[in-house]
Structures are given as structure tokens and as C-alpha cells.
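Chemist: Would you mind keeping the following structure in view while I ask a few things?
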Amino acid sequence: SEKQKKILAFGYSKYDALICDGSIRAGKSSFEMISFIDWAMGTFNCQNFAICGKTVTSVYRNVVNPYMKLSYSRKKYIMQYLRSEHKLIIKYKGIENTFYLFGGKDESSFMLIQGVTLAGLFCDEVVLMCQSFVEQAIARCSVEGAKIYFNCNPDSPEHWFYKDWICDLERHNALYLHFNLEDNPSLSEKKIEWYKSQY
């Protein structure tokens, strides 16, 4: 869809951050992961990146493992996931970058990401993460040209991420894309109607 194309083009845009929110099953996480990896591998070499979720288990299950199973990524990259170290190493034509997995579920989580220098950040389901963790992760993105990818399903209008980021896009130089079920062309009309009847 046009919005999914905008996700793929984000890495080459003037924006520093991308925020995708809205409906479940709209393809936000899948397309952001493809965009994030392609941008990182096409822009940097020998750098560290972070892929974050509520827990390391959830970010591996929902984002990293599905990405590694895509025929697109398997044909293009050499990928190695080191489970004990929670990191994904990706190689492409002499380029190698490391993608660390982090969980940001509570106040103590920010200590996990302290000290690392990042060239980019991807936060899946950011509204489920602790604010202090997300702020610490953003602060670690000190490499010139670093970009930040966020996605989430809507939460309360009082949620810190809505107030600090979605309501203040210009300050963050962020591109905001809101998704509906219809923005995922892989869903049939029958499946879309089924989801609408359930939620």
C-alpha cells in the first residue's frame, strides 16, 4: 500500500524518526523491520543497533524471527542470531552490523541499554515500554545519521508516548503514519470484516 511504501522510503527521507500506529495486522512491524535493516545495512558498517520490545522474548518472537524467515531477507543477507547474547549479526557484501535485542518493560530496564553506542533504534509496541527505557535508548543513538523507528497500537490520550511524541512531531522531526486494516493489501475483504467484528 502507499503507507507501506512510505515506511520503506523513510530511511532515505529528511526525517529522524518514524512513528507508525493504528490497527493490528496492518503490516506495521513487518515493513518497519524490512526498512530498518535495509537502511542500516545500506548506510553503516561495523555499527551497533537496537531492536526493542516489551521483553526480549516478545521482540524475537514478533519481529526478529519472522524477519529471518522471509525469503527476501534470507536471499539478501547472511544472518546469525546468537540467543545467549540476544544479538543478530547481519552480513552483506563485506558489510557487517550487529543488532542487539532489548526488553523495556519496567523502570529497571533502562540500565540494560546504558553504555552502548547506537546508530539506529527500532521500538516495536513502544507504548508497552517504560518511558525511562525508551528515553535511554534514544539517548544512545549518538552516531551521526542515526534514525529511530517506532510502532504501536493506540493507547490512552494521556499516555506519555502520545503526549511527548505524537503530539509534538515537529520537535522530533518525526514522520507519523496512521494505519487502518485497509492499508494492508494482503488482507482479504472477508478477513478485514472478521477483524472489525471482533474488535
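The values are calculated or read from the model by the stated rules, or taken from the named source; none is laboratory data. These numbers were taken from a predicted model, which means no experiment stands behind them. For neighbour counting, all protein chains shown are included, and Cβ atoms are generated from backbone atoms with ideal geometry for every residue, glycine included. Note: areas computed on protein heavy atoms with side chains; ligands, DNA, RNA excluded. Shrake-Rupley method; radii C 1.70, N 1.55, O 1.52, S 1.80 Å.
Chemist: Give, in nm to one decimal, the length gained when the segment between Arg83 and Lys105 is fully stretched (0.36 nm per residue of separation minus the Cα-Cα distance). Please list the in-between numbers first.
Modeler: Details: separation 22, 0.36 × 22 = 7.92 nm, distance 1.94 nm.
Here the segment from Arg83 to Lys105 would lengthen by 6.0 nm.
Chemist: Name the most mobile residue of Ser142, Ser30, Ser13, meaning the one with the largest mean-square fluctuation, in a Gaussian network model of the chain with Cα contacts below 10 Å.
Modeler: Looking only at Ser142, Ser30, Ser13, the largest GNM fluctuation is found for Ser13.
Chemist: Convex hull volume of the Cα atoms in segment 1-64, per residue, in Å³?
Modeler: On the way: hull volume 6.6 nm³, N = 64.
Cα convex hull per residue, to the nearest whole number: 103 Å³.
Chemist: When the chain is fully extended, how far beyond the present Cα-Cα distance does Lys75 get from Ser1, taking 0.36 nm per residue of separation?
Modeler: 24.3 nm
Chemist: Can I ask one more? If the only charges are +1 at each Lys and Arg Cβ and -1 at each Asp and Glu Cβ, what is the size of the charge dipole of segment 75-151 around the Cα centre, to the nearest 20 debye? Display every interim value, and only then the final one.
Modeler: On the way: 9 positive and 8 negative charges, 110 e Å.
Computed charge dipole of segment 75-151: roughly 520 debye.
Chemist: Over segment 56-164, what is the mean sequence separation of C-alpha contacts under 8 Å (at least six apart), divided by residue count, expressed as relative contact order in percent? Each step should come with its number before you reach the end.
Modeler: Details: 145 pairs, mean separation 21.4, N = 109.
The value is 20 percent.
Chemist: Could you check how much of the accessible area of segment 39-138 is carbon and sulfur, as a whole percent, using a 1.4 Å probe? Before the final figure, lay out each step's value.
Modeler: Details: 2400 of 4730 Å².
Carbon with sulfur: 51 percent of the solvent-accessible area.
Chemist: Taking 0.36 nm per intervening residue step and subtracting the Cα-Cα distance, what contour gain separates Glu96 from Ser132 on full extension?
Modeler: Computed gain between Glu96 and Ser132 is 10.0 nm.
Chemist: Give me the distance between the Cα centres of segment 121-135 and segment 1-59, rounded to whole Å.
Modeler: One Cα centre to the other: 14 Å.
Chemist: For the full complex of protein chains and a 1.4 angstrom probe, list Asp21, Asp16 by accessible area with the highest value first. Don't jump to the answer; show the numbers that get you there.
Modeler: Values: Asp21 10, Asp16 75 Å².
If we order Asp21, Asp16 from most to least accessible, we get Asp16, Asp21.
Chemist: What number comes out for accessible area per residue over segment 132-178 if the probe is 1.4 Å? Units Å², please.
Modeler: Numbers: 2410 Å² over 47 residues.
Per-residue accessible area for segment 132-178 comes out at 51 Å².
Chemist: Check which residues have an amide H placed less than 5 Å from Tyr149's amide H, if you skip close sequence neighbours.
Modeler: HN-HN under 5 Å from Tyr149: Leu18, Leu121, Phe122, Cys123.
Chemist: Amide H neighbours of Phe179 under 5 Å, counting only residues 5+ apart in sequence or on other chains, H built in-plane at 1.01 Å?
Modeler: Hits under the 5 Å cutoff: Asp21, Gly22, Ser23.
Chemist: Kindly provide the helix-only [θ] at 222 nm of the chain, computed as the sum of -39,500 (n - 2.57) over DSSP H runs of four or more divided by all residues, to the nearest 500 deg cm²/dmol? Write down the numbers at each step before the final one.
Modeler: Details: 10 runs with 71 residues, N = 199.
Calculated from helices alone, the mean residue ellipticity at 222 nm is -9000 deg cm²/dmol.
Chemist: Where both residues lie in segment 1-155, what percent of DSSP beta bridges are antiparallel, nearest 5? Could you put the intermediate results ahead of the total?
Modeler: On the way: 11 of 29 bridges.
Approximately 40 percent, going by the DSSP bridge assignments.
Chemist: For segment 46-144, which GluC sites (Glu not before Pro) are both in a DSSP coil and crowded by at most 13 other Cβ atoms within 10 Å? List each step's numbers first, then the result.
Modeler: On the way: sites: Glu85, Glu96, Glu107, Glu125, Glu135, Glu144; in loops: Glu125, Glu144.
Here the GluC sites (Glu not before Pro) that fit, given the DSSP loop and packing criteria, are Glu144.
Chemist: On to the next question. Where in segment 12-62 are there trypsin sites (Lys or Arg not before Pro) that are in a DSSP coil and have at most 11 other Cβ atoms within 10 angstrom of their Cβ? Don't jump to the answer; show the numbers that get you there.
Modeler: On the way: sites: Lys14, Arg25, Lys28, Lys54, Arg61; in loops: Lys14, Arg25, Lys54.
Taking segment 12-62 and a limit of 11 other Cβ atoms within 10 Å, the loop trypsin sites (Lys or Arg not before Pro) found are Lys14.
Chemist: Another one. I'd like to know how the chain sits against the 2.2 N^0.38 Å rule of thumb: what's its Cα Rg over that expected value?
Modeler: Values: Rg = 16.2 Å, N = 199, 2.2 N^0.38 = 16.4 Å.
For the chain, the normalised Cα radius of gyration comes out at 0.99.
Chemist: Once the other residues with Cβ under 15 Å from the Cβ of His172 are scored (Lys, Arg +1; Asp, Glu -1), what is the net sum? Please list the in-between numbers first.
Modeler: Values: positive: Lys14, Lys147, Lys163, Arg171; negative: Asp16, Asp21, Glu135, Asp164, Asp168, Glu170.
That sum, taken over residues with Cβ under 15 Å, equals -2.
Chemist: Another question, if that's okay. What nm value, rounded to one decimal, do you get for the distance between Asp16 and Trp160 when each label is placed 7 Å out toward the C-beta?
Modeler: Distance between the two pseudo-spin positions: 1.9 nm.
Chemist: I've got another one for you. Please say if segment 50-132 is rounded, prolate or oblate, where rounded means a/c under 1.5 for a ≥ b ≥ c the square roots of the C-alpha gyration tensor eigenvalues, and otherwise the choice is prolate for a/b larger than b/c and oblate otherwise?
Modeler: Cα axes put segment 50-132 in the prolate bin.
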